[in-house]
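Notes to accompany the following structure.
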Amino acid sequence: TRVFASKRYEPENAEADERASVEMAVRGVELVRTRGFLLFEPSEVRIDVAARDGYFGTLMPFVHAAERTCGDPGKPKPAPVDVRMVDLGTESDHEWEQIGLEDLGVAPASDRRVDWSAGIRADWDISEGGAVETWSQFTAVGLDRFEAEHGRADPEAGVTVSRLSPYLRFGMISPRTVYHDLVKKDGKNISKTFWHRLYRRELAYWQLHHWPDLPKTSVRSHYENRAWLSGDEADEALRRWQRGETGFPVVDCGMRRLWRTGWMHQTERMITATFLVDYLGVHWTRGADWFMRTLVDADEAINSMMWQNAGKSGLDQWDFFEGTLAPDGSARAHDPHGDAIARWIPELAALPRGYLRHRPWEASKATLAECDVELGSTYPRRMIVDLDRARQRMLDDVTTIRHAELVRAGGLVKPGSMEDLVVAPRAAVVRGAADLARVSTRKEFKRSLKALKASIAGIDLPSNPSSKPHGKSRANASRPKVSAASRPKSGPRSGRLPAPDRDAVRASRREAKRLDAAFRGRVFHHLPVDDLDDRDAAPPRVGRRPAR
């Protein structure tokens, strides 16, 4: 006797299935786990860290490795025409009792007084037929428009967003069906972005396989020492974020949509996650837990990978998105007219279409009164007024823990380039690869650490005026502040530094030699300066180019 089931990959589920397999074998039953949930087996994909196609653990190196080592995914098999079924009718010798999910302990007991799922049921056709119809409609109309319009999250987006994720998550449609349908339609050339979305799902499961603690523990282990908001202050910040009461419409819109429908557009997910982590300073795991509770497509692998990246501790720090995920509406390409805001925050719907829906605090008193908007009453005031200062705390915190790792020569920050490194699992890379692999590190993090080292050594580096948060110049925003008294004075005309400065430079050189000695003998592969493999997910720009 054999029992067939789809193979599960989450660590707890995989262990449970293994225990079930052993127990069934004792009873003479074989558990056959089929590979139908993913395109590739995570254990079979090995990255060549020496290849010059991107940083370790980001999308394109994974795509190339999967295609090289695993080949094309198998085609989906048609449903069998004739299958023997167990007769559960009244003539059976057994009495069958209908058992619900709550009885099995799979789902928590629901509160019958409140129909929490009403909005979800209204927004989704929860069936295999719904999956087939959603996919058919997207391939017929949305695929051709996806490359140009996939960043839109407003009502005009329509079928240009596939909304396929929950159906893939619960096995209502096979990723192989999606893959081979795209092959037939030349989908890779029509939209590389959508093509890569399939691989990004595979990448998440590859990461979960090699880092089973991905949902809770930083992949960049030195980021475990981050300083996060705690106590009642963190609880209150989290509560307002969960309820969509932050005072920033672009954030609240996404969070309220999530609560009502169980779904958010990708750009909304990234904006809301960035706000919670970078601006409020709440630990990324708390946001990940909320998404797992509320998303209809909640997926442990994808959710953990994305929140690790939002917390800067994952393998990809979203460097390409710097400046485009601001919560203040300065980059509003995904909802240019604020129509999504009007839909999910009806108290702001009367405001004029455009930037005032994103930034109601800039509306005149007369406009607010005319639209029946009272900040602090009908709609919350902003939780944070000085966004630059809030974000600077994040930057200072990351710089501090990276500098501590550099000073102790722990090996996870590379001197010179100031890039982070991770210990590459042996089973994740080709044989003979280096133990340490460079991972994508934000340019602002590298600049800030270099500036901190220079200030300690008494060297004043030139500022970098290219990074501008929220549309304002930030020539010195990413640099640790150095008091005038601590800055080196000009030396004599001969160019020779004064004695105190020479001592500081010598100390800096001694530190560099010590760090180089710590790294001696380790192999580091050359990689491009910047890994732009997330370019496919960048939201399209509408109107003025957002600040970078």
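General remarks:
- Modelled spin labels at TRP116 and GLU15, positioned 7 Å past Cα toward Cβ, are 2.6 nm from each other.
- Which of THR246, THR193 has the fewest Cβ neighbours within 10 Å, and the rest in rising order: THR193, THR246
- Approximate spin-label separation ASP435-PHE170, in nm, with each point projected 7 Å along Cα-to-Cβ: 4.7 nm
- Qualifying chymotrypsin sites (Phe, Trp or Tyr not before Pro) in the stretch 94-174, where qualification requires a DSSP coil assignment and no more than 16 other C-beta atoms within 10 Å, comprise TRP96, TRP116, PHE170.
- With the charge dipole of the stretch 166-292 set up from +1 on Lys and Arg Cβ and -1 on Asp and Glu Cβ about the Cα centre, the Cα lying farthest toward the positive end among the listed residues TYR179, LEU229, HIS265 is that of TYR179.
- With R₀ set to 45 Å, the beta-carbon distance separating LYS188 from THR217 gives a calculated FRET efficiency near 0.80.
- For the stretch 143-198, trypsin sites (Lys or Arg not before Pro) are listed when DSSP marks them as loop and at most 15 other Cβ atoms sit within 10 Å of their Cβ; the list is LYS185.
- Remark: TRP206, TRP228 ranked as TRP228, TRP206, counting other beta-carbon atoms within 10 Å and listing the fewest first.
- Proxy reagent accessibility, fewest Cβ within 10 Å first, across MET255, MET85, MET305, MET172: MET85, MET172, MET255, MET305
- The stretch 114-228 - percent relative contact order, Cα under 8 Å, separation 6 or more: 21 percent
- Distance from the stretch 1-59 to the stretch 146-189 (C-alpha centre basis), Å: 25 Å
- Of the cross-linked pairs LYS188/LYS216; LYS216/LYS443; LYS192/LYS453, those separated by over 30 Å at the C-alpha level are LYS188/LYS216; LYS192/LYS453.
Rule-based calculations on the coordinates, nothing more; no lab input. Predicted, not measured: the structure shown is a model, and the values here were computed from it. Neighbour counts run over all protein chains shown; Cβ positions are idealised from the backbone, glycine included.
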